[in-house]
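The values are calculated or read from the model by the stated rules, or taken from the named source; none is laboratory data. What you are looking at is a predicted structure, and each value in this text was computed from that prediction instead of being measured. In this analysis, Cβ positions are derived from the backbone assuming ideal geometry, glycine residues included, and neighbour counts consider all displayed protein chains.
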Amino acid sequence: MIELILYLALMLLTAETFGWLFSRIGQPVVLGQIVSGILLGLAFPPTEEVKDISMIGVLMLLFLAGLESSVEELKSAGKSGFSVAFVGVVVAFAMGFGIAYPFKGFDQALLYGALTTPTSVSLTVRVLMEMDRLKSREGTTILTAAIVDDILGIIVLTVVISSLVSGGVSVVSLVEILAKVGIFIALMLFAMPRVLDYALRKVVRIGFADSTVTLSMAALFAFAYLAEHMNLASILGAYLLGLALSETEFRKPIFEHSRIIAHSVFVPLFFVDVGMNIPVKDLKSAGLFAVLFSLVAIVSKVIGCGIGALIGGMSPREALRVGVGMVPRMGVELAMLAIAMKAGIVGSDAYLVIVLMIFLSTLVTPPLLKLAFKGQ
């Protein structure tokens with residue numbers, strides 16, 4: 001037990017140090033935390049105890065993503081937001097599957113295809129703010145499309161993981177899983193906001209205002225377990241609970257307190273654990289596929305989201321800007337991958353591929369975005 005506590009202390013210390021260093025050179029903190037894990041893993045082998053603790057970071061990451069969204073924002077996404085997200089997800093999945101199939105076979109190609117679907121636009125938002133273009137038509141489209149994209153990406157991955165865990169993809173199993181997902185989403189979005197709001201009001205009224213965050217955490221773990229019990233991915237339960245809580249008046253305090261807990265402890269532990277589990281010795285063998293997959297993941301979003309923007313009524317130049325803005329990937333893919341690995345669907349070599357995809361997509365987005373807006 002003492003060794004585990006020291007292990008966690010070392011992980012948090014290196015995560016904070018490398019996260020700060022990477023932020024100083026203009027790179028995402030997440031990448032610094034992963035690199036710290038890679039270096040730490042060369043000296044200390046990862047343990048199952050640490051992995052179990054870091055999985056809390058996965059759930060909290062998706063929980064916060066849900067809290068940052070809202071049902072009202074989904075409703076106001078508009079034609080362009082929905083078409084950008086939908087076509088972007090379809091094209092990214094198809095191209096990701098296509099490049100992975102010759103290397104990994106049908107089952108794992110489905111998973112790799114699903115892992116290309118999410119988008120993380122925090123980097124895009126930062127660049128657009130610097131250029132004073134966040135409130136432009138392209139900026140607002142990217143923001144609304146990202147919300148829809150999150151939900152579609154999580155649903156796609158939930159369906160893929162559930163299908164593979166149940167023994168393979170068939171029409172019957174697919175229909176059954178989609179029905180479960182539909183019921184679960186309907187329950188969480190239409191019934192749970194009222195139930196949660198009522199329960200939290202009662203807690204505050206009897207003088208336990210500080211317990212709202214504790215009860216939210218308890219609900220997070222309960223609904224993650226419920227999703228797993230229904231043979232769905234636990235991340236779906238975590239995300240939808242966050243989305244349900246975003247419809248209550250307690251959204252802001254729960255988000256602020258949960259964010260501090262998550263990003264101070266559990267999320268850094270998760271990303272360091274990811275780095276520690278990357279098989280550096282397999283770098284040469286995974287090199288070609290990792291590079292090809294990363295390039296396809298970048299191009300697929302430009303093409304798919306660009307086509308979606310054209311369908312939504314935007315000009316070719318605006319569509320290109322939206323496509324580039326939807327390129328970045330960040331932590332959601334790794335959270336999804338951790339769930340797939342825990343289910344035994346894929347090996348640790350997948351970490352190397354996805355980390356490279358995240359690194360390249362965050363590296364190319366700022367210059368490409370500035371180039372796309374050049375001459376405006």
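Consider Gly32 carefully, then state whether it is closer than 16 Å to Tyr351 by Cα, part of a helix (DSSP H, G or I) and at pLDDT 85 or above.
Details: closer than 16 Å to Tyr351 by Cα: yes; part of a helix (DSSP H, G or I): yes; at pLDDT 85 or above: yes.
Against the criterion (closer than 16 Å to Tyr351 by Cα, part of a helix (DSSP H, G or I) and at pLDDT 85 or above), Gly32 qualifies.
Report yes if Ala100 is touching a residue at least 24 places away in the same chain (Cβ under 8 Å), crowded, with 21+ Cβ neighbours inside 10 Å, among the small types (Gly, Ala, Ser) and within 15 Å of Leu295 (Cβ to Cβ), otherwise no.
In short, yes.
Working carefully through the options Met230, Met217, find the one that is at pLDDT below 85 and surrounded by fewer than 23 Cβ atoms within 10 Å (Cβ to Cβ).
Going through Met230, Met217 in turn, the sole match is Met230.
Within the stretch 225-254, can you find the residues that are closer than 17 Å to Val148 by Cα and touching a residue at least 60 places away in the same chain (Cβ under 8 Å)?
Ile235, Leu236, Ala238, Tyr239, Leu240, Leu241, Gly242, Leu243, Ala244, Ser246, Glu247
Report whether or not Leu236 is modelled with pLDDT under 85 and under 30 Å from Val156 (Cβ atoms). First the steps, then the outcome.
Working: modelled with pLDDT under 85: yes; under 30 Å from Val156 (Cβ atoms): yes.
Taking the combined requirement at face value, the residue satisfies it.
Taking Ile345 as meeting all but one of (1) touching an Asp or Glu at 6+ places or on another chain (Cβ under 8 Å); (2) modelled with pLDDT of 85 or more; (3) farther than 27 Å from Glu68 by Cβ, write down the number of the exception.
So the condition that Ile345 fails would be (2).
Just name the residue that is nearest to Pro45 (Cα to Cα) out of those in the stretch 342-369 that are of a type in the set (Ser, Thr, Tyr) and crowded, with 16+ Cβ neighbours inside 10 Å.
Tyr351
Please determine, by comparing only the residues of the stretch 1-29 that are assigned to a helix (DSSP H, G or I), of a type in the set (Val, Ile, Thr) and over 21 Å from the mean Cα position of the chain (by Cα), which one is surrounded by the fewest Cβ atoms within 10 Å (Cβ to Cβ).
Restricting to residues being assigned to a helix (DSSP H, G or I), of a type in the set (Val, Ile, Thr) and over 21 Å from the mean Cα position of the chain (by Cα), the top hit is Ile2.
When you scan the stretch 19-56, how many residues do you find that are farther than 19 Å from Leu6 by Cβ and of a type in the set (Phe, Trp, Tyr)?
Count: 2.
When you go through (1) in a helix (DSSP H, G or I); (2) without any contact (Cβ under 8 Å) to a residue 12 or more places away in the chain one by one for Gly347, which number turns out not to apply?
Result: Gly347 passes all but (1).
Residues to consider are Ala191, Ala227; find the one that is under 20 Å from the mean Cα position of the chain (by Cα), among the small types (Gly, Ala, Ser) and assigned to a helix (DSSP H, G or I). Break it down into steps so the answer makes sense when it comes.
Details: Ala191 fails: under 20 Å from the mean Cα position of the chain (by Cα).
Among Ala191, Ala227, only Ala227 is under 20 Å from the mean Cα position of the chain (by Cα), among the small types (Gly, Ala, Ser) and assigned to a helix (DSSP H, G or I).
Yes/no matrix, rows are residues, columns are (1) more than 18 Å from the chain's Cα centre (by Cα); (2) modelled with pLDDT of 90 or more; (3) of a type in the set (Val, Ile, Thr); (4) surrounded by fewer than 20 Cβ atoms within 10 Å (Cβ to Cβ):
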{"position": "His263", "(1), (2), (3), (4)": "no, no, no, yes"}
{"position": "Val267", "(1), (2), (3), (4)": "no, no, yes, no"}
{"position": "Asp273", "(1), (2), (3), (4)": "no, no, no, no"}
{"position": "Val280", "(1), (2), (3), (4)": "yes, no, yes, yes"}
{"position": "Gly304", "(1), (2), (3), (4)": "yes, yes, no, no"}
{"position": "Ile307", "(1), (2), (3), (4)": "yes, yes, yes, yes"}
{"position": "Ile311", "(1), (2), (3), (4)": "yes, yes, yes, yes"}
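Please state which of the following conditions Lys370 fails to meet, knowing it meets all the rest: (1) closer than 23 Å to Phe266 by Cβ; (2) among the basic types (Lys, Arg); (3) part of a helix (DSSP H, G or I).
Among (1) closer than 23 Å to Phe266 by Cβ; (2) among the basic types (Lys, Arg); (3) part of a helix (DSSP H, G or I), the lone unmet condition for Lys370 is (1).
Could you check how many residues of the stretch 19-62 are of a type in the set (Lys, Arg) and over 15 Å from Leu334 (Cα atoms)?
Total satisfying the criteria: 1.
Among what's in the stretch 103-146 and is assigned to a helix (DSSP H, G or I) and charged (D, E, K, R), pick the residue that is surrounded by the most Cβ atoms within 10 Å (Cβ to Cβ).
So the residue we want is Glu138.
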